[in-house]
Amino acid sequence: MADAERHLNWEGCWNVRDLGGLPTAGGGTTRRGALIRADCLGKLTAAGRRALFDYGVRTVVDLRGPLELAQDPPAFPGGRPDEPNFVNVPLDHQDPAAAPLWAAIRTRADVYRLFLDFYPHALADGLRAIATAPPGGVIFHCLGGTDRTGLVAAALLRLAGVPDEAIAEDYALTLERRRPIYEQLVAERGEAGLGFWDRLNMTADQMLATLAYVDERYGGFERYLLAAGLP
């Protein structure tokens with residue numbers, strides 16, 4: 001499945017794509033409609049919500065924290081007929097020991113190292129929610145579908161046998177999806193007025209560096225997740 005076909009233009013969201021059609025070891029491909037990554041679904045219009053359900057999504061895994069959910073309630077809170085199940089698995093537990101390190105980040109790979117080092121059980125919980133979901137497609141998301149979503153996607157694709165280069169290429173598609181937002185921010189604030197999270201710094205090399213870090217420090221994602229309690 002080509003990248004253009006993997007992008008899902010659901011009204012209200014800008015960074016939704018199917019993780020199907022990616023190459024796996026042995027010459028296979030990942031299955032279409034099984035796993036979808038996204039930005040915040042709370043922005044979906046009624047047409048966008050219907051498109052999500054019609055696509056076969058039956059479980060939403062929200063990776064945001066309690067404050068984010070209070071500010072932007074879930075599009076599908078769960079318990080209503082003809083809507084997906086809802087599971088909230090915050091990936092950031094606000095560990096005070098991590099605070100000074102967040103202030104020192106310079107790259108997206110720095111961000112992912114912090115998540116990996118401080119919140120292994122949260123990442124394992126996110127994958128557990130996906131693995132134990134009932135039949136139907138599973139969509140997982142955070143706010144912009146870049147960092148927390150990107151890390152979960154990388155772990156899932158690694159476990160599925162997708163090569164690192166393909167994982168990194170998928171991650172970098174977010175950059176192109178974000179470009180219109182970036183250009184609007186530049187027009188409003190100027191380049192000098194943009195912060196770290198506004199910039200187009202979600203490049204493939206950042207994900208390749210992250211995957212290499214998991215291998216070097218933890219012996220790969222399988223060992224990392226087993227140590228975090230994922231059976």
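The values are calculated or read from the model by the stated rules, or taken from the named source; none is laboratory data. Note that the structure is a prediction, hence the values are computed from the model and not measured. Please note: Cβ atoms are built from the backbone with ideal geometry, for glycine as well, and neighbour counts cover all protein chains shown. Remember, those area values only see protein heavy atoms, side chains included, never the ligands or the DNA or RNA. Shrake-Rupley method; radii C 1.70, N 1.55, O 1.52, S 1.80 Å.
A few remarks follow.
- Separation between Cα centres of segment 162-231 and segment 5-46, rounded to whole Å: 16
- The charge dipole of the chain, taken about its Cα centre with unit charges on the Cβ of Lys, Arg, Asp and Glu (plus for the first two, minus for the last two), comes to roughly 360 debye.
- Surface accessible to a 1.4 Å probe, PHE86 within the full protein complex, Å²: 50
- For the chain, relative contact order (Cα pairs under 8 Å, six or more residues apart, normalised by length) works out to 22 percent.
- For q = 0.08, 0.14, 0.17, 0.18 Å⁻¹, Debye-computed log10 I/I(0) when each Cα of the chain counts as one equal scatterer: -0.28, -0.91, -1.39, -1.56
- When the solvent-accessible area of segment 1-148 is split by element, carbon and sulfur atoms take up 56 percent of it, the probe being 1.4 Å.
- Within the chain, percent of DSSP bridges classed antiparallel, to nearest 5: 25
- Cα-based equivalent ellipsoid of segment 108-206: semi-axis lengths in Å, sorted from largest, via gyration tensor: 27, 14, 14
- Among residues other than ARG148 with Cβ under 13 Å from its Cβ, the summed charge is -3 (Lys and Arg +1, Asp and Glu -1).
- Charge sum, other residues only, whose C-beta stays under 13 Å from THR59's C-beta, Lys/Arg counted +1 and Asp/Glu -1: 0
- Summed over qualifying helices (DSSP H, 4 residues or more, each -39500 (n - 2.57)) and divided by its residue number, the chain shows a 222 nm mean residue ellipticity of -13500 deg cm²/dmol.
- In segment 1-144, a dipole from Cβ-located charges (positive for Lys and Arg, negative for Asp and Glu) runs towards its positive end, and of PRO73, CYS142, VAL16 it is VAL16 whose Cα lies farthest in that direction.
- Computed on segment 93-134, the Cα convex hull volume stands at 68 Å³ per residue.
- At a probe radius of 1.4 angstrom, the accessible area of the chain per residue rounds to 45 square angstrom.
- Environment charge at GLY78 (Cβ cut-off 14 Å; Lys +1, Arg +1, Asp -1, Glu -1): 0
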